[in-house]
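A short worksheet on the structure shown next.
The values are calculated or read from the model by the stated rules, or taken from the named source; none is laboratory data. Only a predicted model underlies this, so the values are computations on that prediction, with no experimental measurement involved. Only protein heavy atoms, including side chains, enter the accessible area calculation; ligands, DNA and RNA are left aside. Shrake-Rupley method; radii C 1.70, N 1.55, O 1.52, S 1.80 Å.
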Amino acid sequence: AGEGAEEEGGGAAEAARGAQQAGGGHSHACGRTAARTALALVSLLTALSLPDFKFLVALSGALNVGVIAFVLPPLMYVLLARGAMRPASVAAHGLLCALGTVVTVLCTAMVVAQKLHPAGGELPPTPPPLDTYEVEDPLESYDWRAGG
C-alpha cells in the first residue's frame, strides 16, 4: 500500500511540475526579460546623464580587471586546495595575488591622474579633408612637343 501512495504522490508532483512549467515558466521568462530590460535602461540613463561616461568605464575597468584576472583566481585556488599545496606553490600564488594588487592600484591611479591632469589639455585641431587641398597636376605643365 505504501508503494501505491508514493506512486500517486509522485504522479501528482510531476503533474504539478508540468502545470508550473506550462503556465509559470512563461511569467518567469517575462520577469527575466523585464529585469534585463531594466538593467539596460539603467545603463543607458547612466551613460546619458553623466558628462564623462568614459571615465566611469575606465575607472571600473581599472578597479576590476586586475582583481578578477590576477587576484581572485590564485586566492580561490589557495583557499580551495589548502592542504594539498606545497609551500612553494602557496608562495607563488601569493606573489601573483600581490602583483595583481599592485597592478590594480597602479592602473586605478593612472586613470584618476589622467582625469585630474589631462596630458596636453585640448586635442589638436582636425586637418581638413583631402579633397579640399589643391594639388597642381604635373601632366598639365608638361610640354609634350618638346619632350620635357
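The figures follow:
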{"read-out": "Region 74-123: Cα Rg divided by the 2.2 N^0.38 Å rule of thumb", "value": "1.82"}
{"read-out": "Solvent-accessible area per residue, Å², over region 65-123 with all protein chains present [probe radius 1.4 Å]", "value": "75 Å²"}
